[in-house]
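The values are calculated or read from the model by the stated rules, or taken from the named source; none is laboratory data. Just so you know, these numbers come straight off a predicted model, no measurement behind them. Note: ideal-geometry Cβ built from the backbone for every residue, glycine included; neighbour counts use all protein chains shown. Protein only, heavy atoms only, side chains kept; ligands, DNA and RNA dropped before computing areas. Shrake-Rupley method; radii C 1.70, N 1.55, O 1.52, S 1.80 Å.
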Amino acid sequence: MIEVGLNHYLAVSSILFALGIYGVITRKNAVMVLMGVELILNAANINFVAFSRYSNFGINGQVYALFVIILAAAEAAIALAIVLNIYKTYANVNVDEINKLKE
Amino acid sequence: MNIYDIIFYLFAIVTLVSAAFVVSTKNIVHAAFFLIFTFFGVAGLYILLGADFIGVVQILVYVGGILILLLFGVMLTNKITNVEIRSGTTQIVPALIGVGLFAGILVLTMVSTEWKSAPGEIPFTTAYSLGKVLLTDFVLIFELLGILLLIALIGAASIARREKE
């Protein structure tokens, strides 16, 4: 078996990305869609850190990974606030039944 | 096959298997708990890549913050008294075909490409150099992210607590 290198990390992150997209496409519950988005962000982050390790850009890749984590936290807070509002209006959060911006 | 490779495969399998459970299980609470293992696996991968600070931040922010937020979201948007907390799925077959093709092409491309890898020098502890870079080269983005987090905080609070007139 060949030694673990950059390609291994990229393969793992690709599969994680595809799983995240599958979750976003197939789930009805909005909170589950958010979980898929988190998987996608994690996959992108693995790429940033892996390229930071296996190239000579220095530590910049890790800085971008840090920014992505911060943005993910902000995104989760806003998205859950919106989901709570949708739940107050529709009494469910299935994304395929919500088709009006207001009552 | 040395110890580094074994640990890598361990973390990779933990990450991918629990991510597969997250997107396939019907029970939302189970999905949220499998997400913990995914985040821990990714944190392990970060630490294997020499990014110890990012790994710790991953555990603090994702497991301690985002996951708790998601669990609150699950509990506030479902009637807990109904025992079933389930999420329906839609369009499984087209999604499986499309995502399978996409994943196959992506993995083939990633594995077969000859990346120009030149192992850079990763400092022994990354926290020092990360802090230095954040307050010199990236100081504008750093400050903007602080403002963004404040806006997100105020915005989330005002959206979630809209009073009835």
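Odds and ends about this structure:
- Criterion violated by A:Ala79 - all others in (1) more than 8 Å from every other protein chain (Cβ to nearest Cβ); (2) open to solvent by 40 Å² or more (accessible area, probe 1.4 Å); (3) closer than 21 Å to B:Ala156 by Cα satisfied: (2)
- Here B:Glu114 fulfils each of the conditions (1) closer than 30 Å to B:Tyr128 by Cα; (2) more than 8 Å from chain A (Cβ to nearest Cβ) apart from (1).
- Verdict on B:Gly50 being more than 27 Å from A:Leu80 (Cα to Cα), modelled with pLDDT under 90 and crowded, with 18+ Cβ neighbours inside 10 Å: yes
- Meets criteria (modelled with pLDDT of 90 or more, under 25 Å from B:Ile13 (Cβ atoms) and among the hydroxyl-bearing types (Ser, Thr, Tyr)) for A:Ser14: yes
- Complete set of residues in segment B:69-108 that are open to solvent by 70 Å² or more (accessible area, probe 1.4 Å) and either at pLDDT 80 or above or within 29 Å of A:Asn7 (Cα to Cα) (or both): B:Phe72, B:Met75, B:Leu76, B:Gln91, B:Val93, B:Pro94, B:Leu96, B:Ile97, B:Leu101, B:Phe102, B:Ile105, B:Leu108
- From the list A:Ile25, A:Ile46, the one residue that fits, being within 7 Å of chain B (Cβ to nearest Cβ), assigned to a helix (DSSP H, G or I) and surrounded by fewer than 21 Cβ atoms within 10 Å (Cβ to Cβ), is A:Ile25.
- Helices (runs of 4 or more DSSP H) lying entirely in segment B:1-117 (those with 2 or more residues that are in contact with a strand residue (DSSP E or B) (Cβ under 7 Å, 6 or more places away or on another chain)): none
- B:Thr38 touching a residue at least 12 places away in the same chain (Cβ under 8 Å), under 19 Å from A:Ile25 (Cβ atoms) and within 8 Å of another protein chain (Cβ to nearest Cβ): yes
- Residues in segment A:28-43 that are open to solvent by 30 Å² or more (accessible area, probe 1.4 Å) and outside any helix (DSSP H, G or I): A:Lys28 only.
- Number of residues in segment A:54-71 that are facing chain B (nearest Cβ under 7 Å) and in contact (Cβ under 8 Å) with a residue 24 or more places away in the chain: the value is 2.
- Members of segment B:52-79 that are more than 29 Å from A:Val93 (Cα to Cα) and either more than 8 Å from chain A (Cβ to nearest Cβ) or touching a Ser or Thr at 6+ places or on another chain (Cβ under 6 Å) (or both): B:Asp52, B:Phe53, B:Gly55, B:Val56
- Selection within segment B:1-35: residues that are within 7 Å of another protein chain (Cβ to nearest Cβ) and more than 15 Å from the chain's Cα centre (by Cα). The member of this set that is farthest from A:Met35 (Cα to Cα) is B:Met1.
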